[in-house]
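Enquirer: My questions all concern the structure below.
Just so it is clear, none of the values below were taken in a lab; they were calculated from the coordinates. Treat the numbers as computed from the prediction; the structure is a model and nothing was measured. In this analysis, Cβ positions are derived from the backbone assuming ideal geometry, glycine residues included, and neighbour counts consider all displayed protein chains.
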């Protein structure tokens, strides 16, 4: 039992959202994820990667960013381990590179599908969304949903926030995410 | 049958990801969603709203942004319909405002849970994530997953991208999202 548990013995079962100021968000996983995919262009490049885009010029054109922006973002995404960059060469052409999603990158699919579905419902033109994701096997539309490991669908009200192993108790206000 | 269908009769069943350049992303729902929650601070303010934060000073402190940044973002989130802003007054105090999630805001929960879960797996400190979301009823951990309407879990490979009612065929490269 570490210091944290000794000081707050009930923390592992208590719902921390009842006492929000008890814990720090310095190591918040949402903030950590946004350090990697917290820009609009990173998310849209990710969208293109899921659509099957691999070539640099296609990424830039399909997202609608300059080649300079695409180069910077794709390099960061490679450095962050979301994409691999592999050389290839077509006959008579110079060597180019293609970008492919890693497992780390592929696991952002639920986040992207959730944003797409929300955009379909709340931000599409009146005529409806441009594309629909469907399950190849059964043809049903696809979306992201929140469930527990036992398979129950859950709403925000059904969810308790409990202490994880990395919980940091809030010491000062400087503990909070500073570089937003 | 509109012009689009007449020109591309198979579009409603074809997998568009096989011919990515056939459709425009000018009205892409991911891009539309990111116009609303495409900044790091908007997402973190949303996190706080789900944690139950309602008061302006708490939002600013818990996210770790200046009051000026919090004011700008919260105002935008109210304007975008994610939050309502309601006056309240405690005895002997001046009138303050509290912010509460609307249905439109609450429906971003899957996106936020997906980012949190990804951060837990791929970006947490070695000791583990600070908090764990659990289902109040059964105690199991909660995450976001991609499923079809028939309930099948799906991976990116299982998903076809088909034309929706708002599909715009790509005319020029200027069709792509310009303001990234």
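Enquirer: Pick from B:99, B:88, B:109 the residue whose mean-square fluctuation is largest in a GNM of chain B, springs joining Cα atoms under 10 Å.
Expert: Judging by the Gaussian network model, the answer is B:88.
Enquirer: Using Cα springs under 10 Å in a Gaussian network model of chain B, which residue among B:103, B:55, B:89 shows the largest mean-square fluctuation?
Expert: Of B:103, B:55, B:89, the most mobile in the Gaussian network model is B:89.
Enquirer: Let me ask you something else. In what sequence do B:62, B:94, B:40 fall when counting other Cβ within 10 Å, fewest first?
Expert: With the sparsest Cβ surroundings first, the list reads B:94, B:40, B:62.
Enquirer: Calculate the spin-label point distance for residue B:152 paired with residue B:22, positioning each point 7 Å from the Cα along the beta-carbon direction, and give it in nanometres.
Expert: So the two model labels end up 2.2 nm from each other.
Enquirer: Suppose you put the label 7 Å out from Cα in the Cβ direction; list, shortest first and in nm with one decimal, how far residue B:15 is from each other copy's label.
Expert: 4.3
Enquirer: Does anyone have the angle between helix B:109-122 and the longest principal axis of chain B? Alpha-carbon axes, 0 to 90°, nearest 10?
Expert: 90
Enquirer: Could I ask something else about it? Can you sort A:18, A:48 from fewest to most other Cβ atoms within 10 Å of each residue's own Cβ? Write down the numbers at each step before the final one.
Expert: Numbers: A:18 10, A:48 20.
Ordered by Cβ neighbours within 10 Å, fewest first: A:18, A:48.
Enquirer: GNM on chain A, C-alpha springs below 10 Å: top fluctuator among A:54, A:96, A:136?
Expert: Maximum fluctuation in the GNM of chain A, among the listed residues, is at A:136.
Enquirer: Sticking with this one: Can you give the average number of partner chain beta-carbon atoms within 10 Å of each beta-carbon in peptide B:64-72, as a whole number? Walk me through the numbers before you get to the answer.
Expert: Details: counts 13, 5, 1, 0, 0, 1, 1, 0, 0.
Mean partner shielding for this stretch: 2.
Enquirer: For residue A:140, place a label point 7 Å out from Cα along the Cα→Cβ vector, do the same in each other copy, and report the separations in nm, one decimal, smallest first.
Expert: Here the equivalent label points are 1.7 nm apart from this one.
Enquirer: 7 Å from Cα along Cα→Cβ at both residue B:93 and residue A:102: what's the point-to-point distance in nm?
Expert: Placing both labels 7 Å beyond Cα along the Cβ direction yields 4.7 nm.
Enquirer: Let me ask another. 222 nm [θ] for the protein assembly as shown, helices only, -39500 (n - 2.57) per DSSP H run of 4+, per residue, to 500?
Expert: Details: 14 runs with 129 residues, N = 360.
My calculation for the protein assembly as shown gives -10000 deg cm²/dmol from helical runs alone.
Enquirer: What whole number of Å gives the distance from the Cα centroid of segment A:23-39 to the Cα centroid of segment A:94-129?
Expert: Taking the Cα centre of each part, segment A:94-129 and segment A:23-39 sit 20 Å apart.
Enquirer: Nearest 0.05, what FRET efficiency do residue A:78 and residue B:66 give at R0 = 30 Å with Cβ-Cβ as r?
Expert: Numbers: r = 33 Å, r/R0 = 1.11.
Using R0 = 30 Å, I get an efficiency of 0.35.
Enquirer: For chain B, report the translational diffusion coefficient in µm²/s to the nearest whole number, using Stokes-Einstein at 25 °C, 0.890 mPa s, and a Kirkwood Rh over Cα pairs. Write out the running numbers ahead of the final one.
Expert: Numbers: Rh = 19.8 Å.
Stokes-Einstein gives a translational diffusion coefficient of 124 µm²/s.
Enquirer: Here's a follow-up. Among B:25, A:72, B:39, rank each residue by its count of other Cβ atoms within 10 Å, from fewest to most, as a rough exposure measure. Mind showing how you got there, number by number?
Expert: Details: B:25 23, A:72 13, B:39 18.
Exposure proxy ranking, most exposed first: A:72, B:39, B:25.
Enquirer: Using 12 Å as the cut-off for backbone N distance, which residues of segment A:144-169 belong to the label zone defined by a point 7 Å from the Cα of residue B:140 along Cα→Cβ?
Expert: What the label zone holds, given the 12 Å backbone N cut-off, is A:147-154.
Enquirer: Compute the Cα gyration tensor for the protein assembly as shown, then decide on rounded, prolate or oblate, letting a ≥ b ≥ c be the square roots of its eigenvalues: rounded whenever a/c is under 1.5, prolate when a/b is larger than b/c in the other cases, and oblate in all that remain.
Expert: Numbers: a/c = 1.78, a/b = 1.62, b/c = 1.10.
Prolate is the answer for the protein assembly as shown, as a/c is 1.5 or above and a/b outweighs b/c.
Enquirer: Also: Provide a whole-number value for the mean count of partner chain Cβ atoms within 10 Å of the Cβ atoms in peptide A:53-62.
Expert: Numbers: counts 3, 0, 0, 0, 0, 2, 0, 2, 4, 10.
Mean shielding by partner chains, rounded to a whole number: 2.
Enquirer: Rounded if a/c is under 1.5, else prolate if a/b beats b/c, else oblate: with a ≥ b ≥ c from the C-alpha gyration tensor eigenvalues square-rooted, which is segment A:77-117?
Expert: Details: a/c = 4.32, a/b = 2.39, b/c = 1.81.
Verdict is prolate for segment A:77-117.
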